[in-house]
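Below is one structure; the comments refer to it alone.
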Amino acid sequence: MPKEEKIIENLKKCSRFDKCSQNLCPLDLKLHLRNGGNHDRCRWMREPKKVRIKSKEFISGGSVMPNALLNFVPERNLKRLNEVSQKAWLRLKNK
């Protein structure tokens, strides 16, 4: 079982760590022990949401996690990433 220091070290790889208030992070080595709703998920765990206002379509969420961070996502957390980040993680690991 990873020690707390190792978990924090991995979480700090994210440039948003100091300002983040999300409970669910794909860099968390113990993510499988955490719980929360959609509002508790990291931005890279959210699927895109499309909203149509008048004739314009707006998309929020669903952004791809940068490769520099994908390298630190444990394989068991892969299924928790959004779809585009999952595909990027798989491409990166299969190089």
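Readers should treat all values here as calculations from the given coordinates under stated rules, not as data from a laboratory. On a predicted model such as this, the values are computed, not experimentally measured, just so you know. Here the Cβ is made from the backbone with ideal geometry for all residues, glycine too, and neighbour counts use every protein chain on show.
Overview of values
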| read-out | value |
| --- | --- |
| Of residues in segment 75-88 being under 11 Å from the mean Cα position of the chain (by Cα) and surrounded by 13 or more Cβ atoms within 10 Å (Cβ to Cβ), the one farthest from Asn10 (Cα to Cα) | Val84 |
| Selection from segment 23-43 of residues that are in contact (Cβ under 8 Å) with a residue 24 or more places away in the chain and of a type in the set (A, V, I, L, M, F, W, C) | Leu24, Leu27, Leu29, Leu31 |
| Count of segment 44-67 residues which are surrounded by fewer than 16 Cβ atoms within 10 Å (Cβ to Cβ) and either without any contact (Cβ under 8 Å) to a residue 24 or more places away in the chain or in contact with a Pro (Cβ under 7 Å, 6 or more places away or on another chain) (or both) | 15 |
| Ser60 being under 24 Å from Lys87 (Cβ atoms), within 13 Å of the chain's Cα centre (by Cα) and small (Gly, Ala, Ser) | no |
